1. Separation between the E68 and D38 pseudo-spin-labels, each 7 Å from Cα along Cα→Cβ, expressed in nm?
2. Consider the candidate values (i) 14.6; (ii) 13.7; (iii) 16.5; state which one is Kirkwood radius over Cα pairs in Å computed from the structure displayed.
3. Enumerate the calculated ³J(HN,Hα) couplings along the stretch 3-9 in order (Karplus 6.51 cos²θ - 1.76 cosθ + 1.60, θ = phi - 60°), each rounded to whole Hz, writing x wherever the residue is Gly or Pro.
4. Taking amide H positions as placed in the peptide plane 1.01 Å from N, state which residues far from V39 in sequence (5 or more) or on other chains have amide H under 5 Å from it.
5. What residue among I64, I55, I80 has the largest mean-square fluctuation in a Gaussian network model of the chain, using Cα springs under 10 Å?
6. Return the sequence-ordered ³J(HN,Hα) values of the stretch 49-64 in whole Hz as given by the Karplus equation 6.51 cos²θ - 1.76 cosθ + 1.60 applied to θ = phi - 60°, using x for Gly and Pro.
Amino acid sequence: MSTDDEGRLVHCVQMNRQGKASFVIMQNGLPEMTYYPDVPDASCHEEHQFMGPGINRDGLCWTIGLHESDSDSANQEYEIRVTMVDGVPSKVQWVQRI
């Protein structure tokens, strides 16, 4: 991940043919430092809470491409933006890159 002009962590992801991609946020690549949502297939378009850091035993993740606002996402590129507060993720957003 890199940092944008607003201090958010950013990462680009190429969507598959089905237009879906799921992810969690792992600090330093450590499973015990995983941040994840409190609901399955969470979306930045719907309210949810952050969980972690810890091991994501339930396989919860954010998923791009399931919410109606993510329509026509097949084979598109998205930018994931993570807002940090005091070194902890506090907000996840994604936008389709044009």
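Every read-out reported here was derived from the displayed coordinates using simple, explicitly stated rules and does not represent laboratory data. Predicted model, so just to flag it, every value in this text is computed and none were measured. Glycine also receives a Cβ, built like all others from the backbone with ideal geometry; neighbour counts cover every protein chain displayed.
1. 2.5
2. It is the value labelled (ii).
3. 10, 8, 5, 9, x, 7, 6
4. Sorted by chain and number, the residues that satisfy this are Q49.
5. Of the options given, I55 has the highest mean-square fluctuation.
6. 10, 8, 10, x, x, x, 7, 7, 5, 9, x, 6, 7, 8, 9, 7
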